[in-house]
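Trainee: Before anything else, here's the structure in question.
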Amino acid sequence: MPSLFLSMPGVSLSQSESWLFGLVAFAFVSSITPGPNNVLLAASGARFGITRTLSHASGIWTGMVTLLSLAVLGVGAVAAMAPALFNTLQVFAALALVMTAIGMVRERPADESHIEQQTARPWSFWQAVGFQYLNPKALMMAVTAAAMIPHGQSTGFGSAGIMIMTFMLVSMPCTWVWVMAGAGLRRALNSPTRKRTFNWITAVLLVATIPLSLAPLEVLS
């Protein structure tokens, strides 16, 4: 790893270490804390299990990689030049979360409606990828991570690649913590009443993440 950082032009080893430490800390805090993605993954883990949530989780990671890549290319500047577009994306993100929450509370446990339960599906890979572009928290995370690249290295493939790889290596285990936490509740949700209660709690938490994840445009400029 030291030799990798030494190859970065204009960045000393101590600077690289500080950058890496800050990046790892930011990636961990932003990935492990509650947000739309984590609440949805926990709910999916509880409702569908780990295996059926894999596509959802993989879509989140893929979406974040593309967002990080776009952030390196200056998506924050684009957002700053088009505040109306960014605000519109925030509105669509909020509506998507509200509709998902409504779907959760309307879902009936299998004991009450077997047919309706069969229609419930975990998020697909592409649904999860697309949602990252509507998720203000994901956009803010990507732009902030890109801004942490040492000055003069924002267009370098080496430093950008290290940033994306580090961010994903840290964030992937964090997202799985939420999936496994949700999956651990599956056995406890052994009655229609408990399942309905869990759906309501999850829906409320999901809606509660909306104001927490709405990033002011100034953060991205």
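Trainee: For region 22-32, just list the computed ³J(HN,Hα) in residue order, Karplus coefficients 6.51, -1.76 and 1.60, θ = phi - 60°, integers in Hz, with x standing in for Gly and Pro.
Mentor: For region 22-32, the Karplus-derived couplings read x, 5, 4, 4, 5, 4, 5, 5, 6, 8, 8 Hz, x marking Gly and Pro.
Trainee: Then there's this: Would you mind ranking Arg196, Arg106 so that the residue whose beta carbon has the fewest other beta carbons within 10 Å leads the list?
Mentor: If I rank by nearby Cβ atoms, fewest first, I get Arg106, Arg196.
Since every read-out is calculated from the coordinates, none of them should be taken as a lab result. Keep in mind that this is a model prediction, so the values were computed, not measured. Note: ideal-geometry Cβ built from the backbone for every residue, glycine included; neighbour counts use all protein chains shown.
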